[in-house]
Amino acid sequence: MAFLSARVARARISASAASAQRTRELRAAGVDIIGLSQGEPDFATPDHVIEAAHRAMREGQTRYTPVDGTPELKEAIVAKFRRENGLSFKPENISAGAGGKQVLYNALMATLDPGDEVVIPAPSWVAYAIMTEFAEGVPVWVRTGPENGFKLQPAQLDAAITPRTKWLMLNSPSNPTGAVYSPGELRELAAVLERHPHVWILADDMYEHIVFDDRRFVTFAEAAPQLAERTLVVNGASKTYAMTGWRLGYGAGPSSLVRAMARMQAQCSLNPSSISQAAVVAGLDGPQEIVAQRCAEFQQRRDAVLPLLEAIPGLSCTRPDGAFYIYVSCAGWIGRRTPAGQELATDVDVGAYLLESGVAVPEGTGYGLSPYFRVSFATSLDKLKEACRRMDAAARRLA
Ligand SMILES: Cc1ncc(COP(=O)(O)O)c(C=O)c1O
């Protein structure tokens with residue numbers, strides 16, 4: 001009898017984590033690598049948020065709190081949804097956890113029985129599929145492509161739904177493509193979902209505040225209020241306030257689901273850090289200008305790096321409308337040979353070749369759509385430019 005459970009095999013390591021790990025190892029060995037795998041803003045947490053954390057510690061907010069968030073945090077989240085999304089939730093609709101990831105995990109663990117299906121547009125953040133499998137559900141990948149801006153089409157959604165479908169995962173702005181759904185596109189998907197009343201919608205709005213070109217972000221819950229009774233909105237402090245290490249995310253949805261999610265969390269980790277909760281109250285209730293300033297900085301980087309990537313022979317890009325990623329097609333490199341004579345048969349080979357050339361990127365295979373790799377522009381412009389120079393040189397060495 002094996003000591004480790006079968007579950008462990010289902011907990012695969014994500015492409016971006018594997019790429020970040022390879023980068024750390026090579027750097028430790030003295031190799032000069034530019035890492036473009038980062039899934040977090042390269043900015044500091046705002047000062048007023050850090051001060052609120054200090055205050056909370058000094059005032060003794062260092063004990064257990066209610067499992068899925070303090071009343072103050074839930075009130076701040078309710079106010080955020082009212083102010084930014086025009087949504088009216090009550091505290092009993094809110095569940096906070098150690099990151100949006102834990103909230104998603106709770107939702108899947110609380111709803112999936114073995115064999116239940118989750119529709120996941122590909123490419124997507126790989127955690128959806130891994131967590132679905134972890135909860136003994138079945139990921140149903142639906143391929144999107146550059147021809148539709150990497151957005152799920154209504155007919156595709158309709159075709160993917162079966163009597164076993166429990167959830168549709170909808171992530172806008174998207175990791176890894178930066179695709180942002182317009183209100184009209186969300187309404188078209190909602191029209192399909194109205195015909196399938198057993199399917200719930202998980203709107204992952206984690207990158208809500210990183211949208212470009214003066215686009216207004218609209219969450220699925222706002223575009224389709226008629227589906228509120230089966231919509232869970234997930235969001236968090238990680239990307240908005242550069243707080244990835246603080247681990248604080250939240251969900252908002254029907255109270256019956258939210259209660260079940262809290263029961264999952266109660267047997268796993270209890271409350272998210274009391275200090276992080278107090279800090280996020282300050283983030284949500286405080287000045288928001290810095291959020292827009294940082295979004296403008298991301299947009300500048302996108303505008304600078306996109307033409308450099310597109311000029312590299314054999315690579316092509318779809319312009320991201322949000323988040324801080326570009327999903328780069330490397331179809332033009334497939335079948336070519338490296339100077340060492342190795343054929344690039346897949347995007348995994350391309351990732352290995354780029355690493356040899358001094359650039360670390362997670363491969364598209366990990367996101368469910370090949371042959372691609374993801375470039376994160378949550379890093380300085382100087383590094384981005386140097387990385388593009390290295391990729392261009394790598395392209396020109398291919399036979
Ligand atoms: C699409 C998406 N959703 C959710 C998360 C979870 O973020 P966190 O757990 O830090 O709140 C991430 C993190 O990378 C993400 O890319």
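The values are calculated or read from the model by the stated rules, or taken from the named source; none is laboratory data. Remember, it's a predicted structure, so these values are computed and weren't measured experimentally. FYI the Cβ positions are ideal-geometry reconstructions off the backbone, even for glycines, and counts take in every protein chain you see. To get the accessible areas, we keep the full protein, side chains included, count just its heavy atoms, and leave off ligands, DNA and RNA. Shrake-Rupley method; radii C 1.70, N 1.55, O 1.52, S 1.80 Å.
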Check: Taking the DSSP beta bridges in the chain as the whole, what percent of them are antiparallel, to the nearest 5?
Finding: 45
Next item on the list: For n ≥ 4 DSSP H runs only, could you compute -39500 (n - 2.57) per run for the chain, divide by its residues and tell me the 222 nm figure to the nearest 500?
Entry: -12500 deg cm²/dmol
Next item on the list: Starting from the amide H of Gly236, placed 1.01 Å from N in the peptide plane, find each other amide H under 5 Å away whose residue is 5 or more places distant or on another chain.
Entry: Tyr250
Notebook entry, point to check: Classify region 328-372: rounded, prolate or oblate, from the alpha-carbon gyration tensor (a ≥ b ≥ c, eigenvalue square roots; a/c under 1.5 rounded; otherwise prolate if a/b is larger than b/c)?
Noted result: oblate
Next item on the list: Under 12 Å from the Cβ of Tyr353, count the other residues' Cβ atoms, weight Lys and Arg +1, Asp and Glu -1, and hand me the total.
Entry: -1
Notebook entry, point to check: In the chain, which longest range has no GluC sites (Glu not before Pro) that are both DSSP loop (not H, G, I, E or B) and surrounded by at most 15 other Cβ atoms within 10 Å?
Noted result: 137-399
Note to self: Could you tell me the center-to-center distance, by alpha carbons, between region 8-85 and region 179-243 in angstrom?
What the structure shows: 22
Margin query: Cut-off 10 angstrom, C-alpha nodes, Gaussian network model of the chain. Which of Ala242, Ala304, Ala159 fluctuates the most?
Written below: Ala159
Note to self: Less than 10 Å Cβ to Cβ from Gly322, Lys/Arg counted +1 and Asp/Glu -1: what total charge do the surrounding residues give?
What the structure shows: -1
Next item on the list: Give me the percent of the accessible area of region 163-256 that comes from carbon and sulfur atoms, probe 1.4 Å, all protein chains in place.
Entry: 52
Next item on the list: Find the accessible area per residue for the chain; the probe is 1.4 Å, ligands and nucleic acids are left out, and the unit is Å².
Entry: 42
Next item on the list: For region 333-340, just list the computed ³J(HN,Hα) in residue order, Karplus coefficients 6.51, -1.76 and 1.60, θ = phi - 60°, integers in Hz, with x standing in for Gly and Pro.
Entry: 9, 5, x, 7, 10, 7, x, 7
Check: All other residues with a Cβ under 12 Å from the Cβ of Ala262 taken together, and with Lys, Arg as +1 and Asp, Glu as -1, what is their net charge?
Finding: +1
Next item on the list: Select from region 145-254 those trypsin sites (Lys or Arg not before Pro) which occupy a DSSP coil region and have at most 13 other Cβ atoms within 10 Å, ordered by residue number.
Entry: Arg195, Arg215, Arg216
Notebook entry, point to check: Hey, got a sec? Which trypsin sites (Lys or Arg not before Pro) in region 31-71 land in a DSSP loop and have at most 12 other Cβ atoms within 10 Å?
Noted result: Arg63
Next item on the list: Report ³J(HN,Hα) in whole Hz for each residue of region 325-331, in order, from the Karplus equation J = 6.51 cos²θ - 1.76 cosθ + 1.60 where θ = phi - 60°; Gly and Pro get x.
Entry: 10, 10, 9, 9, 7, 10, 4
Check: What size of dipole, in debye to the nearest 20, comes out for the chain about its Cα centre when the only charges are +1 on Lys and Arg C-beta atoms and -1 on Asp and Glu C-beta atoms?
Finding: 540
Notebook entry, point to check: Put +1 on the Cβ of every Lys and Arg and -1 on every Asp and Glu Cβ in the chain; which of Val350, Val142, Leu193 then has its Cα farthest towards the positive end of the dipole?
Noted result: Val350
Notebook entry, point to check: Counting only residues 5 or more places away or on other chains, whose amide H sits under 5 Å from the amide H of Val140 once H atoms are built in the peptide plane?
Noted result: Val118, Val119, Ile120
Next item on the list: Could you rank His196, His54 by how accessible they are, 1.4 Å probe, largest area first?
Entry: His54, His196
Check: Put Trp167, Trp125 in order of accessible area, largest first, 1.4 Å probe: what do you get?
Finding: Trp125, Trp167
